[in-house]
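Inspection log for the structure reproduced underneath, given as structure tokens.
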Amino acid sequence: MDTDRYISPLSERYASRQMQYIFSQDMKFKTWRRLWIALAETEMELGLSRDGRPVITQEQIDELKAHAEDINYEVARAREKEVRHDVMSHVYAYGQQCPKAAGIIHLGATSCYVGDNTDIIVMRAALELVKAKLVNVLAELASFAGTYKDLPTLAFTHFQPAQPTTVGKRATLWMQEFMLDLEDVEYVLSGLKLLGSKGTTGTQASFLELFDGDQEKIDRIDPMIAEKMGFAQCYPVSGQTYSRKVDTRVANVLAGIAASAHKMSNDIRLLQHLKEVEEPFEKNQIGSSAMAYKRNPMRSERIASLARYVMIDALNPAITSAVQWFERTLDDSANKRLSIPEGFLAVDGILDLCLNVVDGLVVYPKVIEKHLMSELPFMATENIMMDAVKLGGNRQELHEKIRELSMEAGKNVKAEGKENNLLELIAADEAFPMSLEELQKMMEPSRYVGRAKEQVESFLEKVIAPVLAENKELLGVRAEINV
């Protein structure tokens, strides 16, 4: 381990090995070589010839394939120090291993042929991993929501006590946001196309020269390359690069996932403060260096921290796409090397944390009940008033009485620090022909949660179950948390 230079915490602490590999040197340069093979094969299959003789032979293709995986990095690095060009350095290094094919590597292509096509291939692989983890987060949340679908809990608007809901229903609100993200991921994945091989300004002028102006053959180049690389098609037009709005689309999807995770993690942090729900806390985990008793929601806080980074990171590709002059400028390059990989590495870490937190989320029903029961008398007043009207009372007069008694009980709680005595106050008021015992029987929390349980059941059955069934081969991901 290098201890004398900066190491990104995204690799060292947060992102999984799978995501790190997708953005690794091996993935990048092996993909370059696959693209060079695809180009050479396409040119050979289209009959590229000179003076009636084939320019590319099967022997050359076989040689290229034999060295597609064993990249001679030292040769490439030494060459780059001389020529200051990464693509031509790797063309040279590949040619050193493949002397028979050296002259036809990268034929007719520009640097973006390998650079941009690889970026698309890498982003697709990264989005597929993100999709798999999103599906597993939904599966974990579905299990949680199903378990607690009918556990009444105090709901909040403006973080003020409001009409009760259930713990499971609240979880469906988190799930719905992740469902929107999953839809966005699938949409962007379905629309990803390769750049293809269009040359320096996107006109395919070099291929017009190579194929002696044969338009039909040139039209077949991009579709053949796309098929060999596992894509349905290439973008129909381009400058030297694919549109950087593609990167913007991808980064916005990542930012959306980050926002959903941030919202869920904030809710969990607030619930942990209330001691109603608690994220997993390991046996030997230390919550505070000073206060040994503390159990801080550190993983949920980390989700929020990384999420803010991803949401801000989405500005990079958007601004970059806006300032690309004409057919190509290079001010995107250094930015892309940072913003796209780091956005994916951070979201990967976020989703692993979500999996870990939801899988081990601890619920404390007794605390939840205590908080709910302390507020429920206020929320039951409409029902109490309606029952009193049925017994002969005047609705307007009873409403004013309830308002006055609620103010008195609220003062007792907030100013005096006493228990909520609203039921006692109502029972003692002659306007309400009900005993304290009768009022207490009305304090059954399930009477006040509306259709929360039914909504959870319907959501899980009609929305989530089909998604999990459709993606069952992606289920079973387990999160590895480093710190």
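Just a few scattered comments:
- C-alpha long axis of helix 167-191 to longest principal axis of the chain, angle in °: 20 degrees
- In this structure, the pairs whose alpha-carbon distance is over 30 Å, taken from K401/K441; K149/K390; K275/K441, are K149/K390.
- Counting Lys and Arg as +1 and Asp and Glu as -1 over every other residue whose Cβ lies under 12 Å from the Cβ of L422, the net charge comes to -2.
- Using R0 = 35 Å, the C-beta based FRET efficiency linking R337 and D62 works out to 0.55.
- Sequence-separation-based contact order of the range 17-107, relative, with Cα cut under 8 Å and 6+ spacing, percent: 28 percent
- D212, D119 arranged by Cβ crowding within 10 Å, fewest neighbours leading: D212, D119
- Theoretical gain in end-to-end length, R50 to L180 [0.36 nm per residue, Cα-Cα removed]: 41.4 nm
- Local electrostatic count at R34 - Lys and Arg +1, Asp and Glu -1, tallied over other residues with Cβ under 10 Å: +3
- Computed over Cα pairs, the Kirkwood radius of the range 382-432 leads via Stokes-Einstein (1.002 mPa s, 20 °C) to a diffusion coefficient of 190 µm² per second.
- Modelled FRET efficiency - R0 56 Å, Y364 with L189, Cβ distances, 0.05 increments: 0.90
- Likely footprinting exposure, H158, H273, H90, fewest C-beta neighbours within 10 Å first: H158, H273, H90
- Spin-label model, R17/N266: points 7 Å from Cα along the beta carbon direction are separated by 3.6 nm.
- With both labels modelled 7 Å from their Cα along Cα-to-Cβ, the Q440 to V463 distance reads 4.0 nm.
- Per DSSP, loop chymotrypsin sites (Phe, Trp or Tyr not before Pro) in the range 133-181 with at most 16 further Cβ within 10 Å: F159
- Inter-part distance where the range 152-175 and the range 215-286 are each reduced to a Cα centre, Å: 29 Å
- Computed from the C-beta positions of A415 and S143 and an R0 of 45 Å, the FRET efficiency is 0.55 to the nearest 0.05.
- Spacing of the two label points (7 Å from each Cα toward its C-beta) at A162 and I481, in nm: 2.9 nm
- Ranked by how many other Cβ atoms sit within 10 Å of their own Cβ, fewest first, the residues E276, E470 fall in the order E470, E276.
- A simple count of charges around I56, restricted to other residues whose Cβ falls under 10 Å of its Cβ and scoring Lys, Arg +1 and Asp, Glu -1, yields -4.
- A Cβ-based charge dipole, computed about the Cα centre of the range 330-432 with Lys and Arg at +1 and Asp and Glu at -1, lands at about 80 debye.
- Restriction of the trypsin sites (Lys or Arg not before Pro) in the range 74-147 to DSSP coil positions whose beta-carbon has at most 16 other beta-carbons within 10 angstrom yields R84, K100.
FYI, it's all coordinate maths here, none of it is from the lab. In this text, all values refer to a predicted model and were calculated from it rather than measured experimentally. Virtual Cβ from ideal backbone geometry, glycine too; neighbours counted across all protein chains shown.
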